[in-house]
Amino acid sequence: MERIHVSTRSPQCMEDITAQVSDAVRRSGVEEGICHLFVTHTTAGLVINENDDPEVVRDLLEKLEALAPSDAAYHHLEGNSHSHIKSSLVGQSAAAPVAGGRLALGRWQAVFFAEFDGPREREVLLQVVAARATETPAEELSRERQAEP
């Protein structure tokens, strides 16, 4: 398991961590499989979305703010309930396929760390799991025959 450290720059932002995730996938040596990501914080999350137009991230943050306004009245006394709500909406985990030893995102996709209670030093856990090799029906039959007494 790898840990990616993220320094967020503002109270609410989305930091593109695609390069760090891609580097970790390459270091894993896995050719085909899945990359699991998990945020160990209750006021942050992960989003896979468009990276070409920064206005997409701006729209996401604005709409999340509309759903859970920072200045609304909440029961939680720490003053960051809006952050907990937003992180619950986007989720603390993500997964992406690994193909040919590389993170297999779409052309316009990126992995974003979603900060809702920053700026802070944060951490993302990453685990790359290799796909189980599958047998062809002929290989399975051959293996079964070899196992017979």
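The values are calculated or read from the model by the stated rules, or taken from the named source; none is laboratory data. Only a predicted model underlies this, so the values are computations on that prediction, with no experimental measurement involved. Note that we place each Cβ from the backbone using ideal geometry, even for glycine, and neighbour counts take in every protein chain shown.
The residues of segment 72-88 that are surrounded by 17 or more Cβ atoms within 10 Å (Cβ to Cβ), hydroxyl-bearing (Ser, Thr, Tyr) and in contact with a strand residue (DSSP E or B) (Cβ under 9 Å, 6 or more places away or on another chain), listed by number, are 83, 87. None of 132, 143 is part of a loop (DSSP other than H, G, I, E, B), basic (Lys, Arg) and over 19 Å from residue 13 (Cβ atoms) except 132. Name every residue in segment 1-49 that is outside any strand (DSSP E or B), within 15 Å of residue 98 (Cβ to Cβ) and among the β-branched types (Val, Ile, Thr), in order of residue number. Across segment 1-49, the qualifying residues are 18, 21, 25, 30. For segment 50-108, a tally of residues being in contact with an Asp or Glu (Cβ under 7 Å, 6 or more places away or on another chain) and not in a loop (DSSP other than H, G, I, E, B) returns 4. Per the listing 91, 101, the residue uniquely at positive phi, within 17 Å of the chain's Cα centre (by Cα) and either at pLDDT 95 or above or surrounded by 15 or more Cβ atoms within 10 Å (Cβ to Cβ) (or both) is 91.
Selection of first residues in segment 13-24 that are among the small types (Gly, Ala, Ser) and of second residues that are modelled with pLDDT of 95 or more, restricted to Cβ pairs under 8 Å at least 6 apart or on distinct chains, gives the following pairs, ordered by first then second residue: 22/102; 22/103; 24/2; 24/4; 24/35; 24/126; 24/128.
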